Amino acid sequence: MIRAVIDIIVSIAAGFYTTGRHLFVRPVTESYPEYKRPLPARSRARIILTRDPEGRERCVACYLCSGVCPVNCISMQAAEDSQGRRYAAWFRINFGRCIYCGLCEQACPTSAIQLTPDFEHIRRDILDMVFEKQDLLVDLCGKDPDYDFYQHAGVVVGLAGKGDHISENPPVNTRTNMP
Amino acid sequence: MPKLIIDNREIEVPEGTKVIKAAEKLGIYIPRFCFHHALGAVGACRVCAVKFQEGPVDGVQMSCMIDAQDGMKVSTADPEAADFRRSVIEWLMLNHPHDCPVCDEGGHCLLQDLTVAGGHGIRRSKGRKRTYTDQYLGPLVYHEMNRCIQCYRCVRFYREYSGYSDLGVTGIAGRVYFGRLREGILESPFAGNLIDICPTGVYTDRPSRYTGRRWDFERTPGVCIHCSLGCRTTVSARYRQVVRVEGRFSQQVNRDFICDRGRYGFYYADRPGRPRNGRINGQTVSAQQAVEEARDRLQRITQEHGPEAVGIIGSARSSLQTLSALVHLCHTTGWQGPVFRNTWIAGAAADAAVRALSPENAFSMREIETADAILAVGADPVNEAPMLALAMRQAQRTGAEIIAIDPRPLDWPFDFAHLACRAEEMEETLASAAERLSASRRPVVICGTEITDDGIVMQAADLVAGLRGSDKRAGLFCTMPQANSFGAALLDESNACAADLADRIETGQIRALAVFESDLWHVFPDRSRLSTALEKLDLLVSVDFLDTPLFENADIGIPSLTVFEAGGIYVNQEGRAQQVRPAHTGGLPIAAAGLGDHPPRSFSPDVPGRDMPAAWAAAFSLSGQAPPETDAQMTAWMRDNFAVLADLAHMEADGVRLFAGRKVSIPDEAQIPEKKPDQFLELLPAPTIFGGEPMSGHSQCLRELAGLPAVWMARADADRLGIADDDRVSLGFENIEVTLNVRISDPMAQGVLVVYRHPDIDWQPAPDGKRIFISEDQIRRIEKA
Ligand code: SF4
Ligand code: SF4
Ligand code: SF4
Ligand code: SF4
Ligand code: FES
């Protein structure tokens with residue numbers, strides 16, 4: 001009985017002690033929006049289309065992101081430029097529907113589409129949430145700064161000839177019987 | 001019949017069945033690259049390995065190379081076999097380029113599927129990749145040889161199955177190369193099938209390059225309407241636009257493949273010049289307004305001058321829905337027609353064919369493949385009905401003898417005996433060649449209806465009837481000018497041709513003409529007569545999805561839906577009615593509706609340009625009747641109103657055969673075509689595979705293949721006239737002057753000048769019974785600059 005009373009008094013005192021101590025400690029709460037905490041690069045919010053190290057559009061309009069997107073909010077039209085490069089003639093993300101799952105970024109074989117920490121991404125008009133290619137395209141490489149898909153691919157798009165891409169041998173001579 | 005066990009399940013298969021096929025019967029899909037049911041097995045890719053656990057064969061073996069035998073116990077999931085298959089994929093990927101994201105095959109690529117299935121995700125090899133230089137193969141097929149896995153499907157299809165030899169395999173060891181043996185474009189009009197048959201992205205579709213992934217397409221079963229065979233297709237559409245057409249398997253018609261005209265002929269459907277708005281006296285209005293205006297004005301003319309003052313013309317490129325709606329339209333209003341025949345003679349030949357074909361004698365293409373003797377008269381399959389040539393080729397591969405009776409130069413991908421003769425000699429030649437069929441067990445007579453008359457068709461039918469015996473089956477196979485020529489002949493009651501209406505226009509009897517989906521302008525034999533007649537009309541209404549000259553000059557133009565938007569039923573040349581489903585909703589494609597570089601940013605349930613009617617609906621509206629509301633109601637309406645169409649109720653996967661049920665009759669009097677006068681040459685306009693057909697002629701990629709307009713003549717004629725191959729000549733006839741390149745051919749009939757239809761030759765009259773003769777001095781050689 002006495003033991004129980006002592007336990008109660010000790011725990012009440014400990015509680016008051018903690019409360020009292022915090023009266024003299026600096027608060028940890030961050031006041032948003034006055035203070036904006038830097039988020040890690042892997043945070044998943046507003047989506048961008050990045051460029052390769054030479055500043056060319058990375059996206060090859062392969063439809064993998066739109067194929068994987070669980071809410072079908074990406075649409076695009078592939079096209080071919082005069083060099084033979086496949087690119088997106090238009091590219092649209094409906095952020096009104098996006099759930100920021102990041103699957104598109106995982107699927108992207110060129111590191112073009114990336115989610116960014118910019119979560120302040122609210123518009124009053126729902127149509128303003130529909131971003132076109134010019135709204136998505138940025139002038140940087142983002143998280144995978146050195147990757148240039150077309151240097152690794154086998155198709156010729158004006159960067160290098162057949163056999164000149166990374167880890168390719170020169171084209172074989174099919175007209176010889178020499179080993 | 002051997003009995004074997006595959007994955008613990010027993011199956012009995014016919015002698016000679018490969019294990020891979022036996023497994024398919026059990027629903028077990030063994031991976032394969034080189035094996036293809038149309039091409040057979042070669043054992044090149046090694047990915048079909050399975051484990052033979054018991055029986056006559058032992059260990060890991062290729063299931064496509066081994067015949068099923070009694071007592072076999074096969075496991076597909078055995079770790080040894082699975083490991084083997086996995087390694088095969090990894091070897092194949094050693095040299096495979098890092099192309100998937102930019103490869104059009106991705107998404108329906110067999111290599112991609114099996115790589116994923118085998119779990120090979122990360123490249124382990126540090127080695128460099130082999131590369132090849134690619135070739136320009138022409139406007140249809142794109143070549144990217146790095147992606148090849150050496151399965152030999154392409155060369156087996158191209159050389160063995162379809163009989164062309166310009167594509168082949170070169171090189172040895174690790175340098176085996178698949179491509180053309182010499183620079184240049186692919187010569188086969190079946191080359192597009194390489195795209196379907198190649199299990200990787202070596203051959204991809206050039207016109208639709210980089211337009212989308214298969215998983216995004218609305219894929220609909222279709223039927224090709226670019227010739228009378230009615231091959232099955234799969235139509236891929238996206239954003240209210242057809243993107244690609246591929247072959248679809250059909251047991252009785254085309255089997256696996258289609259020709260390039262069928263594959264690339266669809267571009268008319270969304271070309272910029274296509275009529276999408278109504279037109280009244282040159283003013284653009286909505287389609288509905290145009291329909292209403294046409295209805296009112298036709299009614300006014302009917303009230304003032306009686307129903308005989310209105311004529312209706314249709315054509316065999318329309319669906320059965322449209323054709324029957326037109327018959328109904330004339331029934332209910334008393335208007336004249338509908339006329340489905342451009343010329344009397346062409347209609348008569350098709351009509352004879354329809355009457356001659358019966359369930360006993362009609363052969364399908366499938367049956368042609370198993371024929372042991374083929375006699376083709378006045379039919380040039382490569383140009384008139386291309387897939388027929390492939391069926392004949394299969395017959396020839398199994399030993400069939402093939403004889404052709406035709407005035408034209410024939411370029412067929414198999415061996416045949418060509419008896420070149422002019423129209424007036426055809427009957428006699430046919431009679432004497434018939435002897436050669438008597439010994440065969442499954443003979444077929446193939447009869448064309450474009451350059452022949454009804455007499456030849458009847459003669460062919462009689463010949464077949466004579467060949468039929470207790471122990472053998474003889475078949476008749478007629479090619480026809482257009483996709484629905486058979487359907488038009490079934491419904492055609494008036495037996496009139498466009499010239500008959502022209503007569504009545506000239507006499508002032510007909511004051512208004514409504515023309516449904518017809519290219520009268522290109523084929524009417526006497527163009528100056530046609531244009532004066534049309535000018536005499538009070539009202540010319542044109543309903544079409546093509547911007548034909550007739551549509552351009554009509555007082556009222558009504559845009560109609562294409563087969564991709566409206567669907568329809570088409571009856572092929574053997575009487576097989578096949579249903580086509582709409583591939584996408586009608587209306588302006590998204591690409592055209594969007595302003596600037598992306599689709600519109602406003603959203604509404606209305607599709608711009610959605611108010612275009614199907615031609616059959618327009619036909620109902622012209623008489624003020626409400627058309628049936630749905631496609632199903634329309635089909636039911638057709639069944640109820642036309643006795644010949646009652647069998648549409650039994651439509652199955654392979655369609656349903658409609659026969660006229662009229663018996664063959666010997667022609668009243670054999671009309672031997674008039675003889676060619678001396679010092680004259682016959683000018684024979686002939687159909688051609690690329691560019692000559694009204695719809696596919698709008699496809700830019702096919703026009704590129706059409707070459708230059710040319711006139712073909714026999715060597716003897718050329719020598720006599722002092723003309724050499726590749727010269728240019730000008731031909732003058734009936735106030736027309738055309739300049740053409742000369743091609744000399746041997747064999748072809750002497751005394752005949754063959755001019756193939758060509759998009760650059762504006763006027764390609766259908767034969768009208770009167771053959772066109774031009775005197776030798778109307779052929780002038782033009783000196784080359
Ligand atoms: S983050 Fe997820 S929901 Fe958003 S676009 Fe990417 S895949 Fe679609
Ligand atoms: S996955 Fe990447 S490269 Fe492919 S379409 Fe999307 S953003 Fe473009
Ligand atoms: S052929 Fe298939 S596996 Fe190869 S790049 Fe194309 S899609 Fe990928
Ligand atoms: S090109 Fe295609 S079909 Fe031909 S061997 Fe290579 S992978 Fe096979
Ligand atoms: S499918 Fe059997 S070896 Fe290729």
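Taking the 0 to 90 degree range and rounding to the nearest ten, how far is the long axis of helix B:454-467 tilted relative to the main principal axis of chain B, both from C-alpha atoms? It is inclined by approximately 40 degrees.
Between the beta carbons of A:ALA107 and B:SER125, assuming R0 = 25 Å, the FRET efficiency works out to 0.55 to the nearest 0.05. Residue exposure proxy: B:PHE733, B:PHE516, B:PHE84, ordered by other Cβ atoms within 10 angstrom of their Cβ from fewest to most, comes out as B:PHE733, B:PHE84, B:PHE516. For chain B, the longest principal axis of the alpha carbon atoms and the long axis of helix B:527-536 meet at an angle near 60°. Among all the lysines, which ones have a C-alpha under 17 Å from B:LYS675's C-alpha, if same-chain residues fewer than 8 places away are not counted? Leaving aside lysines fewer than 8 places away in the same chain, those within reach of B:LYS675 are B:LYS770.
Counting only DSSP beta bridges whose two residues both lie in segment B:347-480, roughly 5 percent are antiparallel. Annotation for A:ALA13 and B:ALA592: the two label points, set 7 Å from Cα along the Cα-Cβ direction, are 8.9 nm apart. Our coupling estimate for segment A:48-56, obtained by passing each phi through the Karplus curve with A = 6.51, B = -1.76, C = 1.60 and θ = phi - 60°, is 10, 10, 9, 10, 7, x, 8, x, 8 Hz, Gly and Pro reported as x. For B:LYS472, the lysines whose Cα comes closer than 23 Å to its Cα, not counting residues fewer than 8 places off in the same chain, are B:LYS663.
Converting phi to 3J(HN,Hα) with the Karplus coefficients 6.51, -1.76 and 1.60 and the offset θ = phi - 60°, segment B:57-65 yields 10, 10, x, 7, 9, 7, 5, 7, 9 Hz in sequence order, with x at every glycine or proline.
Run the paramagnetic zone check for B:GLN251: 7 angstrom along Cα to Cβ, then residues of segment B:359-374 with backbone nitrogen under 15 Å. Counting backbone N atoms under 15 Å from the label point, the list is B:364-367. For the pair B:ALA77 and B:ASP7 in one chain, pulling the backbone fully straight at 0.36 nm per residue adds 24.4 nm over the alpha carbon distance. Between B:ASP67 and B:GLU435, the modelled labels are 4.1 nm apart [label points 7 Å from Cα along Cα→Cβ]. Applying 1/(1 + (r/R0)^6) with R0 = 45 Å to the Cβ-Cβ distance of B:GLU506 and B:HIS37 gives a FRET efficiency near 0.20.
Evaluate E = 1/(1 + (r/R0)^6) for B:SER602 and B:ILE736, where r is the Cβ-Cβ distance and R0 equals 51 Å; express this FRET efficiency to the nearest 0.05. Using R0 = 51 Å, I get an efficiency of 0.50. Within segment A:68-84, list the residues whose amide N lies under 17 Å from a label point set 7 Å along Cα→Cβ of A:ASP164. Those under the cut-off are A:83-84.
In this label model, B:LEU708 and B:GLN633 are separated by 5.7 nm, measuring between points 7 Å along each Cα→Cβ vector. Remark: relative contact order (chain A) = 24 percent; criterion is Cα-Cα distance under 8 angstrom and separation of 6 or more residues. Taking trypsin sites (Lys or Arg not before Pro) across segment A:72-169, the ones in a DSSP loop with at most 16 further Cβ atoms lying within 10 angstrom of their Cβ are A:ARG97, A:ARG123, A:ARG124, A:LYS143. Taking a threshold of 25 Å on the Cα-Cα distance, which of the pairs B:LYS21/B:LYS51; A:LYS36/A:LYS133; A:LYS162/B:LYS126; B:LYS3/B:LYS51 fall above it? Distance filter (> 25 Å) returns A:LYS36/A:LYS133.
Amide H contacts for B:VAL377 (H built 1.01 Å from N in the peptide plane; partners 5 or more residues away or on another chain; cut-off under 5 Å): B:ILE405, B:ILE446, B:CYS447, B:GLY448. Computed extension length for B:GLU776-B:GLN700: 23.8 nm, one decimal, from 0.36 nm per residue of separation with the Cα-Cα distance subtracted.
Read-outs: derived from the displayed coordinates by stated rules, not from any lab. Please read all numbers here as calculations on a predicted model, not as lab measurements. Note that each Cβ is placed from the backbone with ideal geometry, even for glycine, and that neighbours are counted across all protein chains shown.
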